[in-house]
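The values are calculated or read from the model by the stated rules, or taken from the named source; none is laboratory data. The structure displayed is predicted, hence computed values, not measured ones. Positions of Cβ are backbone-derived with ideal geometry, glycine not excepted, and every protein chain shown enters the neighbour counts. Only protein heavy atoms, including side chains, enter the accessible area calculation; ligands, DNA and RNA are left aside. Shrake-Rupley method; radii C 1.70, N 1.55, O 1.52, S 1.80 Å.
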Amino acid sequence: MSAKSTTATVYAPDITQKLFGGIFDVDGSGHYPGLELINLVVCCAEGTLPSTEKVHVLRAAHDFARRLIADNEMPSEKVAEVLMNEHTTHAISHLLRCLEMDVPNVVGSKSWERTHFFPYTRSLVHWDARRPRSENSPPSLERRYYRGAGAYAFSVLRRDPVAGRLLALREGFDALYPKERRSPLEQLASTLREKGLIDAQPSLDKIEERSELHGDRWEDLLRDGMQNVLSHRSLPTVQRVRAVMNWTSIWLVLMEAARALAVAGTQSLSLTVDCAGTHPQLRRAAQRCFKDMVGVIEQVSREEGQRLGSLSPVQLGKIRAFYGNTAAAGGLLNAWKGRRHFTLRLPAIEAMVLAAVPAGTEIEFDRFLTEWLHDRCGIVAGREGASRAGLLKEFDGTIFEENERRLADQMRAAGMLRVFSDATRMVHAGGRW
């Protein structure tokens with residue numbers, strides 16, 4: 001038998017599991033890791049972030065509501081069983097469309113399977129589902145877009161070795177999704193949720209139990225950042241949920257790049273972001289940085305694929321696309337496609353500030369740039385960070401001074417920066433003081 005015929009076929013999840021600890025596939029990229037994480041937090045039968053060996057999830061498809069706004073062939077008699085009349089259906093449909101998650105890069109209308117609700121409230125949280133195989137059979141609760149990246153983040157959080165921080169995480173998620181909340185939206189979502197498919201019994205999550213923690217500083221970064229995000233209980237629920245999802249996406253991008261660099265044995269993580277948009281040199285550097293990070297991930301994935309067997313270009317492309325899509329979703333890229341570069345858009349700024357600053361506190365803007373963005377997250381936005389990264393050998397320092405000024409302007413406009421004088425600028429997350 002030839003050597004070629006005995007070479008094992010390797011798939012993207014096999015590679016990312018070995019290199020990074022979890023399953024990072026293009027189908028589960030973008031906003032899906034955050035949705036998957038929240039599902040596991042809210043619907044875990046063992047409680048919030050349990051320390052048990054395995055976890056079970058009570059899954060709900062929310063297929064009635066999802067089909068109501070995305071399935072043109074939904075039988076009218078099925079709708080009539082739940083909603084009073086045509087006017088009610090019209091009003092509820094429009095309300096549900098306002099709760100839809102944006103899915104970029106979709107040409108034409110979405111199927112109900114790809115229609116997901118932003119989890120503003122507990123009863124809007126729903127699992128992945130596939131359409132029925134025949135007209136008379138129900139949909140099936142199974143992973144299609146919740147591929148495992150959110151499950152890995154969930155595993156990192158629930159296996160926190162620091163007891164005090166783990167307790168704060170549990171209390172923070174419980175405050176974000178209180179069981180006793182009975183708002184009008186919660187009551188409506190609960191009613192519609194019950195009309196769809198729900199597990200009769202919690203099911204074992206076989207993907208989450210495959211997570212392989214590395215015990216490195218990047219896991220502590222997720223935990224520290226999430227603890228701070230959840231501490232801002234005076235902020236609107238919408239803002240906190242959005243920050244949880246974006247911080248999850250941002251962390252996955254940072255962690256994956258850092259671990260790829262460690263495997264390659266090249267350098268520590270240093271992402272150059274262009275926040276000003278005025279210096280071509282900095283723009284090119286941010287573009288090159290993104291291209292280099294993708295290249296390193298491809299390199300180590302290809303090498304691991306050769307070690308395990310044969311990794312096809314299609315499977316390699318799934319790994320590459322996960323990184324770019326997830327970075328764009330979290331606000332670390334300027335666009336989802338085209339000529340892309342690292343930046344900090346408003347979603348990333350908001351998530352980064354909430355993750356850096358505990359509730360009721362504030363830090364100096366210079367410390368935010370250096371101690372948080374550069375030292376902890378590996379992001380170069382200001383002059384001091386550029387100096388620590390050794391970039392001032394090839395760049396004029398005034399370029400990064402302008403970059404940090406523009407970032408400060410954006411943060412101030414978003415209500416996250418207090419300016420007392422040229423020398424005193426304080427970063428805060430808003431809310432009550």
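Structural remarks
- Normalised by residue number, the volume inside the convex hull of the Cα atoms of the stretch 134-280 is 228 Å³ per residue.
- Within the listed set TYR152, TYR177, TYR32, the residue fluctuating most in the Gaussian network model of the chain (springs between alpha-carbon atoms under 10 angstrom) is TYR177.
- Counting Lys and Arg as +1 and Asp and Glu as -1 over every other residue whose Cβ lies under 13 Å from the Cβ of SER203, the net charge comes to -3.
- Among the listed pairs LYS291/LYS393; LYS18/LYS110; LYS110/LYS195, those with a Cα-Cα distance over 25 Å are LYS18/LYS110.
- Low-density loop cleavage sites - chymotrypsin sites (Phe, Trp or Tyr not before Pro) in the stretch 347-413, where at most 15 other Cβ are within 10 Å (DSSP): none
- With at most 12 neighbouring Cβ atoms within 10 Å, loop trypsin sites (Lys or Arg not before Pro) (DSSP) excluded, longest segment of the chain: 207-336
- A probe of 1.4 angstrom, applied to the heavy atoms of all protein chains, finds TRP336 with accessible area near 60 square angstrom.
- Largest to smallest in accessible area, the residues GLU186, GLU194, GLU371 fall in the order GLU194, GLU371, GLU186 (1.4 Å probe, all protein chains included).
- Between GLU298 and SER111, the simple label model (points 7 Å from Cα in the Cβ direction) yields a spacing of 3.0 nm.
- Å² of accessible area per residue within the chain, as computed with a 1.4 Å probe and no ligands counted: 44 Å²
- Expressed as a whole percent, the proportion of Cα-Cα pairs in the stretch 195-245 lying more than 13 Å apart is 72%.
- Cβ-defined net charge surrounding ASP102, 14 Å radius [Lys, Arg +1; Asp, Glu -1]: +4
- Whole-Å distance, taken between Cα centres, linking the stretch 206-232 and the stretch 5-47: 15 Å
- The slack between GLN410 and THR191, meaning 0.36 nm per residue of separation minus the straight C-alpha distance, is 74.8 nm.
- The length gained on full extension between ALA335 and SER51, counted as 0.36 nm times the residue separation minus their Cα-Cα distance, comes to 98.4 nm.
- The portion of the accessible surface of the chain made up by carbon and sulfur, rounded to a whole percent, is 48 (1.4 Å probe; DNA, RNA and ligands excluded).
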